[in-house]
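Report on one structure; see the data block that follows.
A short reminder: the numbers here are calculations on the coordinates, not readings from a lab. All figures in this text were calculated on a predicted structure; none of them were measured in a lab. Cβ atoms come from the backbone with ideal geometry, glycine included; neighbour counts cover every protein chain shown.
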Amino acid sequence: MLANNFVVISGGPGTGKTYITTMIERLLGLYAQFSEISLPRIISMAPTGKAASRLKDGPTIHSVLKPLKDRRGFFYTKKNPLNVDVVIVDGASMIDIALMTRLGDPAGG
């Protein structure tokens, strides 16, 4: 995972996907400590409020990307990226194609 930019964890309900993402966060922290590098800035988010409630901090994708009030798009874009090293999306199967496009390559804002 450390050598790749994208990882998919899949499985049916109750198979431990959320647990695995928690372990990934812990392992990245341990790796940073062992390597004597800065701890990674990690954000976990979900497409819906219900899914977000399973996460530690519980934000939704929309609340993280911050929709613009006066026009279409989000505050955080490819030109104005989130200040994080790792993005974890729990429940990605519930994301519609338009939001996934913005999350994966939000160049259009």
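Going from the fewest other Cβ atoms within 10 Å to the most, the residues VAL8, VAL84 appear in the order VAL8, VAL84. GNM remark for the chain: springs join alpha carbons under 10 Å apart, and the peak mean-square fluctuation among LYS79, LYS66, LYS17 falls on LYS79. Look at (1) 0.94; (2) 0.97; (3) 1.05: the one that is Rg/Rh (Cα atoms, Kirkwood Rh) derived from this structure is (2). Could you tell me the relative contact order of the chain? Use alpha-carbon pairs under 8 Å, at least six residues apart, and round to a whole percent. Contact order relative to length: 24 percent.
Exposure proxy for TYR31, TYR19: other Cβ atoms within 10 Å of each Cβ, ordered fewest to most, give TYR19, TYR31.
Note on the chain: Lys pairs 8 or more places apart or on different chains, Cα atoms under 17 Å apart, count 4. In the stretch 17-104, a dipole from Cβ-located charges (positive for Lys and Arg, negative for Asp and Glu) runs towards its positive end, and of VAL87, ALA46, LEU68 it is LEU68 whose Cα lies farthest in that direction.
Cut-off 10 angstrom, C-alpha nodes, Gaussian network model of the chain. Which of PRO13, PRO67, PRO47 fluctuates the most? Sorting by GNM fluctuation, first place goes to PRO13.
If you run the Gaussian network model on the chain, springs between alpha carbon atoms under 10 Å, then out of ALA32, ALA92, ALA46 the most flexible one is ALA32. Modelled spin labels at ASN83 and THR22, positioned 7 Å past Cα toward Cβ, are 2.9 nm from each other.
Computed from Cα atoms, the angle from the helix 17-35 axis to the main principal axis of the chain rounds to 60 degrees.
With +1 assigned to the C-beta of every Lys and Arg and -1 to the C-beta of every Asp and Glu, and no other charges, what is the dipole magnitude of the chain about the Cα centre in debye, to the nearest 20? It would help to have the intermediate numbers written out before the result.
Numbers: 13 positive and 8 negative charges, 78 e Å.
Dipole magnitude for the chain comes out near 380 debye.
Distance between the 7 Å Cα→Cβ label points at GLU36 and ALA98: 5.1 nm. Residues ASP85, ASP90, ASP70 in ascending order of nearby Cβ atoms (within 10 Å, fewest first): ASP70, ASP85, ASP90.
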